[in-house]
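The values are calculated or read from the model by the stated rules, or taken from the named source; none is laboratory data. Because the structure is a prediction, the values reported are computed rather than measured. Here Cβ is always computed from backbone atoms with ideal geometry, including for glycine, and neighbour counts include all displayed protein chains. These accessible areas exclude ligands, DNA and RNA; they are computed on the full protein's heavy atoms, side chains included. Shrake-Rupley method; radii C 1.70, N 1.55, O 1.52, S 1.80 Å.
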Amino acid sequence: MASTKPPNIPVVDFAGWNTESSRQRIAQEIVAVCKTVGFVYIINHSFPEPMLDEAFNWSKLFFELPQDEKLKAPHPEGWAVHRGYSWPGLEKVSQAMSTGNDQERADQLREVTDIKESYDIGSDEDTTQPNQWLPEHSLPGFRDFMLRFYWECFRVGGEVLQALAVGLKLDENHLLEKHSGHNNQLRLLHYPSIPAEAIETERAARCPAHTDWSSITLLFQDDCGGLEVESVSLPGTFVSATPIKNAIVMNVGDLLQRWSNGLSLGILLVCPQALTCIDLLRSTSHRVTLPPLPDRFEGADRMTRRRFSIPYFMAPDPDSVIECIPCVGEGAAKYEPITQAGYNQMRASMQY
């Protein structure tokens, strides 16, 4: 069973979000965590527990289909459309970058194969990112459920965006009003069982260290474990995001960090006057690696446990202009305004 006492990542209790007496407390807590850690467990949210269980059941049914069935809904070639089934090795998530003597190491990490498979879903009304659905007879009911699940994720994510806005002393819809829900991405993820030695020797990876691109991510994970978050106080050190049954792991994405004029701590130490917005939110690097002991292996051959997770990436509408949010402080915004589409093109072209 999943742990109920996470040791490393703060927990925010969302019970009472719709009551005036709890609203400010919840908003202030979630913003405080996003300014310092960038990751938070949200418990007692409004997402129906039975629907979460059903989503994982559907995900397992999908990934247990024969490969030729899954390939009836393939991820289109290139980076422009991010929908459909991606087979192991197709996607390169590593954001390893370096200069000088470390460039060879960064190049090596970029060549490590990601051993995972995924299926990406969006709004059926988004014609620029058309869904790649299986034929109905391949998995009857799958499409109908996943669309209902997609919009339920948007409803709950909208409450989180409102909480962030309230915590930043903005109108509660300041962030949400740029998110119609049609530009979000629901991802089903399966990490197959592979020899642990392949990961330990870096011949393969599950999901290398990276940050997310969008506003926020809502993550639902099974009880396997393996998600790790980079320590803010000890860069290069990762701490376990211990699974909690039915909790949402929420993290800030790169676009929201930019939106809040977010600067790295290193830049602020060198140039303190660069801080033009005291309410910056932090997008934190994270990865998926071996599950923690004692649940790491299955069988005498030290095979890793298979893992399922479901992230939901919330992004502003493509033509939304993202510029520094109103905040306390003096000086110019660090970044020029950019549309979500422009930012996404810049990032997505590096992944495929």
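When you go through (1) in a helix (DSSP H, G or I); (2) at pLDDT below 95; (3) open to solvent by 70 Å² or more (accessible area, probe 1.4 Å) one by one for ASN18, which number turns out not to apply?
(1)
Return the residues of the range 54-69 that are surrounded by 13 or more Cβ atoms within 10 Å (Cβ to Cβ) and of a type in the set (Asp, Glu); say none if nothing qualifies.
GLU54, GLU69
Would you confirm, using the coordinates I've provided, whether LYS72 is among the basic types (Lys, Arg), open to solvent by 30 Å² or more (accessible area, probe 1.4 Å), in a loop (DSSP other than H, G, I, E, B) and touching a residue at least 60 places away in the same chain (Cβ under 8 Å)?
yes
Step by step: first the residues of the range 35-53, then only those that are of a type in the set (D, E, K, R) and under 30 Å from LEU281 (Cβ atoms), then the one that is least open to solvent (accessible area, probe 1.4 Å). Which residue is that?
LYS35
Go through the range 76-113 and report how many residues are at pLDDT 80 or above, open to solvent by less than 10 Å² (accessible area, probe 1.4 Å) and of a type outside the set (D, E, K, R).
3
Please state which one of ARG306, ARG302 is modelled with pLDDT of 90 or more and open to solvent by 50 Å² or more (accessible area, probe 1.4 Å).
ARG306
If I filter the range 180-199 down to residues being open to solvent by 10 Å² or more (accessible area, probe 1.4 Å) and part of a loop (DSSP other than H, G, I, E, B), which single residue comes out as nearest to SER215 (Cα to Cα)?
ASN183
For every residue, the table says whether it meets (1) at negative phi; (2) crowded, with 19+ Cβ neighbours inside 10 Å.
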residue: ALA163; (1), (2): yes, yes
residue: ASN173; (1), (2): yes, no
residue: ALA209; (1), (2): yes, yes
residue: GLY226; (1), (2): no, yes
residue: SER233; (1), (2): yes, no
residue: ALA241; (1), (2): yes, yes
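Based on this model, can you work out whether ALA32 counts as crowded, with 17+ Cβ neighbours inside 10 Å, assigned to a helix (DSSP H, G or I) and among the small types (Gly, Ala, Ser)? Don't jump to the end; show me each part of the working.
Values: crowded, with 17+ Cβ neighbours inside 10 Å: no; assigned to a helix (DSSP H, G or I): yes; among the small types (Gly, Ala, Ser): yes.
Judged against the criteria, ALA32 is not a match.
Answer yes if at least one residue in the range 252-262 is among the small types (Gly, Ala, Ser), at pLDDT below 90 and outside any loop (DSSP other than H, G, I, E, B), and no otherwise.
no
Hey, among the residues in the range 114-145 that are among the polar types (S, T, N, Q) and open to solvent by less than 10 Å² (accessible area, probe 1.4 Å), which one's farthest from GLN67 (Cα to Cα)?
If we take residues in the range 114-145 being among the polar types (S, T, N, Q) and open to solvent by less than 10 Å² (accessible area, probe 1.4 Å), then SER123 is farthest from GLN67 (Cα to Cα).
Within the range 113-130, track down each residue that is part of a loop (DSSP other than H, G, I, E, B) and of a type outside the set (A, V, I, L, M).
The answer is LYS116, GLY122, SER123, ASP124, GLU125, ASP126, THR127, THR128, GLN129, PRO130.
Is one or more of the residues making up the range 131-140 without any contact (Cβ under 8 Å) to a residue 12 or more places away in the chain, acidic (Asp, Glu) and part of a helix (DSSP H, G or I)? Give the derivation first.
Start the filter on the range 131-140 by keeping residues that are without any contact (Cβ under 8 Å) to a residue 12 or more places away in the chain, which leaves 136-137, 140.
Retained after the next criterion (residues that are acidic (Asp, Glu)): 136.
Retained after the next criterion (residues that are part of a helix (DSSP H, G or I)): 136.
Yes, the range 131-140 contains at least one residue that is without any contact (Cβ under 8 Å) to a residue 12 or more places away in the chain, acidic (Asp, Glu) and part of a helix (DSSP H, G or I).
Among the residues of the range 32-68, how many are over 30 Å from ASN18 (Cβ atoms) and in contact with a Leu (Cβ under 7 Å, 6 or more places away or on another chain)?
Here the count works out to 3.
Would you mention how many residues in the range 211-224 are in a loop (DSSP other than H, G, I, E, B), hydrophobic (A, V, I, L, M, F, W, C) and open to solvent by less than 20 Å² (accessible area, probe 1.4 Å)?
The total comes to 1.
Residue by residue, here is whether (1) over 21 Å from the mean Cα position of the chain (by Cα); (2) of a type outside the set (A, V, I, L, M); (3) over 21 Å from TYR85 (Cβ atoms); (4) modelled with pLDDT under 95 holds:
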{"site": "ASP120", "(1), (2), (3), (4)": "no, yes, no, no"}
{"site": "TRP151", "(1), (2), (3), (4)": "no, yes, yes, no"}
{"site": "ALA163", "(1), (2), (3), (4)": "no, no, yes, no"}
{"site": "GLY181", "(1), (2), (3), (4)": "no, yes, yes, no"}
{"site": "PRO192", "(1), (2), (3), (4)": "no, yes, no, yes"}
{"site": "TRP213", "(1), (2), (3), (4)": "no, yes, no, yes"}
{"site": "THR217", "(1), (2), (3), (4)": "no, yes, no, no"}
{"site": "GLY225", "(1), (2), (3), (4)": "no, yes, yes, yes"}
